[in-house]
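To start, the structure under review is shown below, and the notes come after it.
The values are calculated or read from the model by the stated rules, or taken from the named source; none is laboratory data. What you see is a predicted model; the values in this text were computed from it and never measured. Virtual Cβ from ideal backbone geometry, glycine too; neighbours counted across all protein chains shown. For accessibility, only protein heavy atoms count, side chains too; no ligands or nucleic acids. Shrake-Rupley method; radii C 1.70, N 1.55, O 1.52, S 1.80 Å.
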Amino acid sequence: MAVSGIILAGGRSSRMGRDKTLLVFKNETLIERTVRKLQNFVDEVIIASNHTAKYNLPGIVEVPDSYPGMGPLGGMQAGLMAAQHQYSFIVSCDMPFFTEELARYLLERRAGCDVVVPEIGNRLEPLCAVYSRNCIKPIEKCLQAGVSQVFRFYPDVRVCKIVESDLRQVGDPKEIFCNLNTPEDLSYLGGSDKPVS
């Protein structure tokens, strides 16, 4: 399964009040944790962060947005452009509980699809999903029109939604898709804003 892993790490972290990627969770920064987990099952890891050398992690490619200020969709475009493989598992850096089992489950369902996205209730989880390079042009069409909502390009590609009952085969969706947005979230889940000692 030759696939790329793309980490969306270019957010402003406005609700957290500081760079989320460098927050400490279980003795490692969120960016280190995400990279480590991806390296278990992807062939390359790309960080979309608006920088080319912010983290300087060995063997990790960092790419800046081609469409700055357009949120996760801009990061997705930059990551997919840099990806060596047709399919990528894309995840936001503030989702520390995503699992290899989830990613493999989604990737195994990619045949005939350009997007494999979890659906919890009536809500999609587009920042923890599988995307093909066929999404690049539809994404760019949205970005050029000033549209930044991730799901807006979905009508132009083949989307496979994976419903909650199926996702339960690989874990509790409420935990897997939990993300850290505020200092209260971080504290509640046992994280820290102090550097790793």
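Rundown of residues vs (1) open to solvent by 20 Å² or more (accessible area, probe 1.4 Å); (2) β-branched (Val, Ile, Thr); (3) touching a residue at least 12 places away in the same chain (Cβ under 8 Å), yes/no style:
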site: TYR87; (1), (2), (3): yes, no, yes
site: THR99; (1), (2), (3): yes, yes, yes
site: LEU107; (1), (2), (3): no, no, yes
site: CYS128; (1), (2), (3): no, no, yes
site: SER132; (1), (2), (3): no, no, yes
site: LEU143; (1), (2), (3): no, no, yes
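Counting only strands (runs of 3 or more DSSP E) wholly contained in the range 1-92, the ones carrying 1 or more residues that are in contact with an Asp or Glu (Cβ under 8 Å, 6 or more places away or on another chain) occupy 4-8, 44-48, 61-63. When the residues of the range 116-126 are filtered to those that are touching a residue at least 12 places away in the same chain (Cβ under 8 Å) and in a loop (DSSP other than H, G, I, E, B), the one that is most open to solvent (accessible area, probe 1.4 Å) is GLY121. Taking first residues from the range 20-41 that are within 29 Å of ALA2 (Cβ to Cβ) and partners that are assigned to a helix (DSSP H, G or I) and among the polar types (S, T, N, Q), the Cβ contacts under 6 Å between residues at least 6 apart in sequence or on separate chains come to LEU30/THR21; ILE31/THR21.
Taking ALA129, is it small (Gly, Ala, Ser) and in contact with a Pro (Cβ under 7 Å, 6 or more places away or on another chain)?
Working: small (Gly, Ala, Ser): yes; in contact with a Pro (Cβ under 7 Å, 6 or more places away or on another chain): yes.
When the stated conditions are applied, ALA129 passes them.
All of (1) among the small types (Gly, Ala, Ser); (2) assigned to a loop (DSSP other than H, G, I, E, B); (3) within 14 Å of ILE6 (Cα to Cα) hold for ALA111 with one exception: (3). Taken together, the residues in the range 33-67 that are open to solvent by 80 Å² or more (accessible area, probe 1.4 Å) and closer than 13 Å to LEU8 by Cα amount to 1.
Given the criterion basic (Lys, Arg), modelled with pLDDT of 95 or more and in contact with a strand residue (DSSP E or B) (Cβ under 8 Å, 6 or more places away or on another chain), identify the matching residue among ARG104, ARG158. Explain how you work it out, then say what you get.
Details: ARG104 fails: in contact with a strand residue (DSSP E or B) (Cβ under 8 Å, 6 or more places away or on another chain).
Result: ARG158 is the single residue among ARG104, ARG158 that is basic (Lys, Arg), modelled with pLDDT of 95 or more and in contact with a strand residue (DSSP E or B) (Cβ under 8 Å, 6 or more places away or on another chain).
For CYS113, indicate whether it is farther than 22 Å from TYR67 by Cα, open to solvent by less than 20 Å² (accessible area, probe 1.4 Å), of a type outside the set (A, V, I, L, M) and in contact (Cβ under 8 Å) with a residue 40 or more places away in the chain. Yes; evaluated as a whole, the condition is true for this residue.
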